[in-house]
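See structure below.
The values are calculated or read from the model by the stated rules, or taken from the named source; none is laboratory data. Quick caveat: nothing in here was measured; it's all calculated off a predicted structure. Using ideal geometry, Cβ is built from the backbone for each residue, glycine included, and neighbour counts are taken over all protein chains shown.
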Amino acid sequence: MGEIAHITGGSTDQWKAYTFINADKHYQYLGHKQYDLHVTKEEQAVPGDLIYWDFNGDLKRDHTSLVTKVEDGRIFYTQQTKKWKNHRLSAGIRKQRMQDSRLLTWIIHIRGS
């Protein structure tokens, strides 16, 4: 599948503050706007899907990243900075679980408008 172009917009601080750190509010906003939020399986992920991360298992989304490409069933995601461009999802999950085994992730596909 293809790759999504580099994300730009606003200053880095504004980008992080409003779209990544407030992940639970972001998810609620999309649901409130009546988008069809569909939890998808890893094997159905496509570029443009959102990944919500719950770092401590409290069922509140703590962070958001974006699926930027899928190659041979491997999901790659991007978040905030160039340092975090096209990281393998499986490696990110493994790293976070070493810090806290309660990690939960959701891959969300948005349908409709």
The residue from 25, 41, 60 that alone is without any contact (Cβ under 8 Å) to a residue 12 or more places away in the chain and over 12 Å from the mean Cα position of the chain (by Cα) is 25
The range 97-113, residues that are touching a strand residue (DSSP E or B) at 6+ places or on another chain (Cβ under 9 Å), modelled with pLDDT of 90 or more and farther than 14 Å from residue 64 by Cα: 102
Is it the case that some residue within the range 17-36 is touching a Lys or Arg at 6+ places or on another chain (Cβ under 6 Å), at pLDDT below 85, more than 17 Å from residue 79 (Cβ to Cβ) and not hydrophobic (A, V, I, L, M, F, W, C)? yes
Looking only at the range 97-110, count every residue that is assigned to a loop (DSSP other than H, G, I, E, B) and under 27 Å from residue 35 (Cα atoms) and tell me the total. 1
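Residue-wise test of (1) in contact with a His (Cβ under 6 Å, 6 or more places away or on another chain); (2) part of a loop (DSSP other than H, G, I, E, B); (3) not hydroxyl-bearing (Ser, Thr, Tyr).
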residue	(1), (2), (3)
24	no, no, yes
30	no, no, yes
43	no, no, yes
48	no, yes, yes
53	yes, no, yes
60	no, yes, yes
67	no, no, yes
92	no, no, yes
95	no, no, yes
